[in-house]
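None of the figures in this text is laboratory data; all of them are computed from the coordinates on show. All of these numbers come straight from a predicted model, not from anything done at the bench. Here the Cβ is made from the backbone with ideal geometry for all residues, glycine too, and neighbour counts use every protein chain on show.
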Amino acid sequence: MKRGCLALAAALGLLSGGCKIIDQTTFGAKPEPPPPDLIAEALKPGSTLPLVAIRFDGTPINYDAALKNALDMAQTRKPDAKYRVVTVVPETGDPAKDSAAIEKGTYDVLRLEDAMMSDGIRFDDISVAARAEKGVTAREIRIYVQ
């Protein structure tokens, strides 16, 4: 009897102890909104920390809410912010392959720009760039604050 009570108490403790329910978003590529202290770091002049990084690794992506949250926090702290949207692809050593990988993500960049403008960012406050980078394993779009 005591063992059963202990097992039940342990199970209830696990359930109420901050465990996360695993669902389709647990393993997806949905970006988490950055904590406020990381946003402050991303807003510093010359920062190399992106405000948002979205990884395109083949899993479904629904980043709209996280993007809106990060942009709202950035706009609140720095209303005159300019944003640099950078497509980053794995560097292959072959410029033609790197360019083709960048080109493949053009639709995603356009969709991201549209989402940013829907969130109140002016078109003139967004610039776009692309680069191949060693150590990257999947295409990413990073948003930096200038």
Rounded to whole Hz, the Karplus (6.51, -1.76, 1.60) HN-Hα couplings of region 92-99, x for glycine and proline: 9, x, 10, x, 5, 5, 4, 5
Can you figure out the FRET efficiency of ARG122 with GLU91, using R₀ = 30 Å and their beta-carbon distance, to the nearest 0.05? 0.40
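For a 22 Å ceiling on Cα separation, which of these pairs sit above it: LYS97/LYS134; LYS44/LYS68; LYS44/LYS82; LYS82/LYS134?
Cα-Cα > 22 Å for LYS82/LYS134; rest within.
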Estimated FRET transfer efficiency (LEU110, THR137; beta-carbon r; R0 22 Å; 0.05): 0.40
